[in-house]
Amino acid sequence: MEKKRVVVGMSGGVDSSLTAALLKEEGYDVVGVTMRLADESRDLEENDRGCCSLSAVQDARRVCEIIGIPHYVMDFKALFREKVIDYFLADYARGRTPNPCIACNRYVKFEGLLSRAMELGASYVATGHYARIEQDARSGRWLLKKGVDGQKDQSYALYHLNQHSLTHFLMPLGRHTKTETRAMAERLQLPVAQKPDSQEICFVPRDDYKAYLREKEPACLQPGEIVDLSGRVLGHHEGVPLYTIGQRKGLGIAAGRPLYVVRLDTQRRQVIVGGAEDVFSRGLIAGDLNWIAIDALQEPMDVMAKVRYGKKEGAARIIPRPQGRVEVSFEEPQRAVTPGQSVVFYRGDIVVGGGVIEQPLP
């Protein structure tokens, strides 16, 4: 029996290209879709690797021609502007450190693309993420699991998936390593087999978010003081959003020991600095929660918690708190727990859920 239609989100990179090729080999009716996300594309930059540039569209179209599937370009710029760029600028203005890739996954790639795919008569959307979707045989519940390649695992950025979306998504690369992906792409003679991975923030030229803030949101950059934990003024800055928790370089102050950003106070327009030990937190409060492996957190649970992409997990206990929040208490203090970033909870290789960090507990 012929397999159902699947829309593959194609960025022009090796991961999404191989995803389309593998699903075609498995007999799916595959349609390639490249999303136009932002006017701030990086088309004119040398060695452009942005996922929403004209060169990315051309690469995706060429791959679709080779594997024999249709290719479409869909305009998601308005949604991307509202849910990613506006949020990105607003969070920095609040003294938080946003995670635009998670917002893009949540609102654009999963909710937005899934809705468009259904309009095309598709049963599934597929992406080149390194994570696994499996159904628990006993409970019937859909689970999100880490990719088998520990170095490339992207489950942290996917914790907003829910039981509905998990039934409609395919991620075939979750069971492969990046090395295997490139080798398979070479065997299939895909021209993007050795193409470098895309930049992390596709709409920020040269990854210079400070210059982007100065251009797009200059009103949020008000000068203020750099102070130590006792309130003593050590220097001055050009805007709180230009700093992030744990930062050491670029403070522009002289001291007898290394100093790090430990807190940002937009109300007082202060950047608070301290010693290396002051950057660690024993816990945090998180909100905007999404649970995958459970319906809701009813009682304390021991988990492994990750507070930033690429960071190692730490043993922790999560405790339900009023107003839909959770307290995370770490077994060992964690460095640079940053408001605006996400915390994701694991049990083994299963994603229990996650949320947005609201405040660290010193």
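Assorted remarks:
- Qualifying residue in segment 260-277 (condition: in contact (Cβ under 8 Å) with a residue 60 or more places away in the chain, surrounded by fewer than 17 Cβ atoms within 10 Å (Cβ to Cβ) and outside the structural domain of Arg347 (by TED's automatic domain parsing)): yes
- Segment 217-244, subset of a type in the set (D, E, K, R) and surrounded by fewer than 16 Cβ atoms within 10 Å (Cβ to Cβ), residue farthest from Tyr92 (Cα to Cα): Arg232
- Residue within segment 260-271 that is touching a Gly at 6+ places or on another chain (Cβ under 7 Å) and within 30 Å of Arg5 (Cα to Cα) present: no
- Counting only residues that are polar (S, T, N, Q), under 21 Å from Asn290 (Cα atoms) and in contact (Cβ under 8 Å) with a residue 60 or more places away in the chain, segment 104-153 holds 1 of them.
- Screening Ala315, Ala293 for residues that are small (Gly, Ala, Ser) and either surrounded by 14 or more Cβ atoms within 10 Å (Cβ to Cβ) or modelled with pLDDT under 95 (or both) leaves exactly one candidate, Ala293.
- Selection from segment 113-123 of residues that are in contact with a Lys or Arg (Cβ under 9 Å, 6 or more places away or on another chain) and either farther than 29 Å from Val31 by Cβ or surrounded by 21 or more Cβ atoms within 10 Å (Cβ to Cβ) (or both): Ala117, Ala122
- Residues (assigned to a loop (DSSP other than H, G, I, E, B) and over 18 Å from Pro100 (Cβ atoms)) located in segment 307-340: Lys312, Glu313, Pro322, Gln323, Gly324, Ala336, Val337
- Applying the condition of being modelled with pLDDT under 95 and aromatic (Phe, Trp, Tyr) to segment 150-209 and asking which residue is surrounded by the most Cβ atoms within 10 Å (Cβ to Cβ) yields Phe203.
- When Arg106 is tested against (1) of a type in the set (D, E, K, R); (2) closer than 29 Å to Lys210 by Cα; (3) not in a helix (DSSP H, G or I), only condition (3) is not met.
- In segment 117-146, the residues that are in a strand (DSSP E or B) and more than 13 Å from Met171 (Cα to Cα): Gln135, Trp142
- Residue in segment 152-161 that is acidic (Asp, Glu), in the same structural domain as Tyr28 (by TED's automatic domain parsing), under 23 Å from Val307 (Cα atoms) and in contact with a Lys or Arg (Cβ under 7 Å, 6 or more places away or on another chain) present: yes
- The listed residue being over 21 Å from Arg94 (Cβ atoms), over 25 Å from the mean Cα position of the chain (by Cα) and not hydrophobic (A, V, I, L, M, F, W, C), out of Gly283, Gly256, Gly310: Gly256
The values are calculated or read from the model by the stated rules, or taken from the named source; none is laboratory data. Since this is a predicted model, take the numbers as computed values, not measurements. Quick reminder, even Gly has a Cβ in these numbers, built from the backbone with ideal geometry, and neighbours come from all protein chains shown.
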